[in-house]
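The values are calculated or read from the model by the stated rules, or taken from the named source; none is laboratory data. Source: prediction; values computed, not measured. Note that we place each Cβ from the backbone using ideal geometry, even for glycine, and neighbour counts take in every protein chain shown. Note: areas computed on protein heavy atoms with side chains; ligands, DNA, RNA excluded. Shrake-Rupley method; radii C 1.70, N 1.55, O 1.52, S 1.80 Å.
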Amino acid sequence: MEALNWEGLAIGVCTFLIIGLFHPLVIKGEYYFGLKVNFAFAILGIITAILALLTKGVFLSALLAVVSFSSFWSILEVYEQQKRVQKGWFPANPKRRDKK
């Protein structure tokens with residue numbers, strides 16, 4: 001009997017955790033930095049995409065790609081978070097509003 005291949009399942013679990021990590025990053029990023037946080041998500045996405053291409057191991061490359069595309073997706077989510085704040089579903093940062 002051959003050994004079980006746990007790599008795919010591990011990638012799935014790590015993907016779940018990475019996506020779960022990005023949810024509060026979007027909320028906190030929009031709260032403290034507004035739309036400016038999109039620059040950080042874009043840079044992180046580009047860097048991790050390049051690293052995913054340069055990494056030889058499938059496991060690490062896949063995880064870097066998940067981080068990359070989660071970063072790119074977070075750019076859209078920051079705009080959506082801004083709408084959620086305007087609707088009153090999430091609190092606005094009063095300190096940041098004073099600067100406008």
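Out of the residues in segment 27-51 that are in contact (Cβ under 8 Å) with a residue 40 or more places away in the chain and closer than 13 Å to Val85 by Cα, state the one that is surrounded by the most Cβ atoms within 10 Å (Cβ to Cβ).
Across segment 27-51, the extreme among qualifying residues is Glu30.
Ser61 versus (1) loosely packed, with under 15 Cβ neighbours inside 10 Å; (2) more than 15 Å from the chain's Cα centre (by Cα); (3) among the small types (Gly, Ala, Ser): which is the lone unmet condition?
Failing condition for Ser61: (1).
Could you check Ala10 against (1) small (Gly, Ala, Ser); (2) open to solvent by 30 Å² or more (accessible area, probe 1.4 Å); (3) closer than 30 Å to Val85 by Cα and say which number it fails?
If we test Ala10 against (1) small (Gly, Ala, Ser); (2) open to solvent by 30 Å² or more (accessible area, probe 1.4 Å); (3) closer than 30 Å to Val85 by Cα, just (3) comes out false.
Mind checking whether some residue in segment 72-82 is among the polar types (S, T, N, Q) and open to solvent by 90 Å² or more (accessible area, probe 1.4 Å)? Even if it seems obvious, please write down each step before you answer.
From segment 72-82, those among the polar types (S, T, N, Q) are 74, 81-82; that's our starting set.
Next, from what is left, pick out any that are open to solvent by 90 Å² or more (accessible area, probe 1.4 Å): none.
Within segment 72-82, none of the residues are among the polar types (S, T, N, Q) and open to solvent by 90 Å² or more (accessible area, probe 1.4 Å).
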